[in-house]
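Presented below is the structure to which this report refers.
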Amino acid sequence: MPRGDLDGTTVVLGVSGGIAAYKAVELERRLVDAGAHVVPVVTESALRFVGLPTFSALASEPAHSSLFEDPDPIPHTTIGRRADLVVVAPATARVIGSYASGISSDLLTATLLATTAPVLVCPAMHTEMWEHPAVQENLATLRRRGVHVLPPEEGRLAGGDVGAGRLAEPARIVEAAAEVLRSTRARASGDLAGLRVLVSAGGTREPIDPVRFIGNRSSGKQGHAVAEAAHARGAEVTVVTTVGLPAPPGAEVVRVETAAEMAEAVLERAAEADVVVMAAAVADFRPKVVAGEKLKKRAGPPDLVLEPTLDILAELGRRKRAGQVLVGFAAETGDMAEEAAAKLESKRADVLVGNDVGASGVGFEWDTNEVTIFTRGGSRAVPLTTKKAVADAVLDAVLDQMRPGRTAAPDQEGALPA
Ligand code: CTP
């Protein structure tokens, strides 16, 4: 028995019709060598490049290519259910498009729609096709739904052309497949599995006129790191964000700009969330009147009258249901412990992450952060480390709040320990 990264797993290898179909043969062999039980599903056009007997000979069972001529009357659901992972390599623009649109036109696309297993798509096509907005939008749709995409490499293409679109090397695909399986397993057994985590990230922008705004220096990196960490630990994640940083695969991403938009997006989703992490730097005040046209210099300095925005975290505190954990962030330059204790109480948060933004390497654009995590039970200092590690420490504190007997129910308002 071979032993490897994919030992004991069933991998459905989807092969669609491009010149790179010949590389799928080597990939198939490598998947088998890595310990996988490989079930090839080959499209009609792929068979124009490589014959079915080749795939059958190297696979763990005969290759499938037809919805109707298979010994199994419903091969797509049977194959889809058996899969621990589906790898599509090469994935043509047609297969990517059908999959993104939910159109099952053959056994491979039907299997992709029927399976609940993780899917790794490895596109290969000519550069012009790869760069076409339709293909890129379809891939973005698939990524949003949690499909993993291993982008093609640059190199020689069919017809002597050179550019982006060459199928990733088979060894690289096997590595990516193993990584997808590892992260899927880690998520399934993660300590946040089954929980819904809502994270806000980035700084809001409050318009003064059509071209100017009042903003702040938040980069959104810490909030997005919390989203990534929560996803890796198994949570269903929603990110309400002002920035275009990557979000975890399958996460719901809501782009907002102003404090009012953020409030609406967060409050609309908060009731279903088990955990809400307000990592966003929300403006406390916004211009009372927004000029409809660009303010001209010759009119002199404008009289900016500001009005308060809704304090989202405080509103979440008012609406908090039993068992829900609320996390606030506080960017401080003064006495953090005192401020944090006051905010825990006034906003009815369960966890308050104090950020000394006056220190070096901390906050804003940095990839590192140094925080103190306050709860009603005490505080924990997290020395300078990555924002990812800070995110995990924050989530540890959240879990701590969820342990029996520790849940802060709404009627425990402001009960700080002596
Ligand atoms: N926050 C919010 N809505 C606002 C302002 C802030 O939800 N309109 C949240 C932030 O996302 C953060 C927490 O409140 O989690 C702390 O915000 P902070 O920057 O400390 O602002 P304030 O609470 O207004 O306190 P300060 O008086 O120190 O500015």
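The values are calculated or read from the model by the stated rules, or taken from the named source; none is laboratory data. This is a predicted model, so every value here is computed, not measured. Cβ coordinates were reconstructed from backbone atoms using ideal geometry, including for glycine residues, and neighbour counts include every protein chain displayed. SASA here: full protein model, heavy atoms, side chains in, ligands and nucleic acids out. Shrake-Rupley method; radii C 1.70, N 1.55, O 1.52, S 1.80 Å.
Before moving on, here are some points about what is shown:
- Accessible-area value, ASP392, 1.4 Å probe, nucleic acids and ligands omitted, Å²: 40 Å²
- The order of ASP350, ASP84, ASP284 by accessible area, most exposed first and with a 1.4 Å probe, is ASP284, ASP84, ASP350.
- Remark: the chain carries a charge dipole of roughly 300 debye about the Cα centre, counting +1 on each Lys and Arg Cβ and -1 on each Asp and Glu Cβ.
- Calculated from backbone phi, Karplus (6.51, -1.76, 1.60) coupling profile of segment 179-186 in Hz, x at Gly/Pro: 5, 4, 5, 4, 5, 5, 5, 4
- Share of carbon and sulfur in the accessible heavy-atom surface of the chain [1.4 Å probe, %]: 52 percent
- Residues within the reach of a label modelled at GLN136 (point 7 angstrom out along Cα to beta-carbon, backbone nitrogen below 15 Å), restricted to segment 112-130, are 127-130.
- Lysine pairs with alpha-carbon atoms under 19 Å apart, segment 196-402, spacing 8 or more or separate chains: 5
- Förster radius 51 Å - calculated FRET efficiency between GLU26 and ALA291, Cβ distance, rounded to 0.05: 0.20
- Between THR10 and HIS37, ASP84, LEU85, the built amide H atoms are under 5 Å apart, and every one of these is 5 or more places off in sequence or on another chain.
- Per-residue SASA remark: HIS231, around 30 Å² accessible (1.4 Å probe; ligands, DNA and RNA not included).
- When you filter the trypsin sites (Lys or Arg not before Pro) in segment 272-362 for DSSP loop state and at most 16 other Cβ atoms inside 10 Å of their Cβ, you are left with LYS288, LYS294, LYS296, ARG321.
- Reducing segment 1-69 and segment 233-258 to their Cα centroids gives an inter-centroid distance of 35 Å.
- Remark on segment 142-250: Rg and Dmax equal 18.9, 55 Å (Cα only).
- Near ALA91, the amide H atoms lying under 5 Å from its own belong to CYS122, ALA124; only residues 5 or more places off or on other chains count, and H is placed 1.01 Å from N.
- Accessible area per residue for the chain, computed on protein heavy atoms with a 1.4 Å probe, is 47 Å².
- Ranked order, MET125, MET262 - accessible area, probe 1.4 Å, largest first: MET125, MET262
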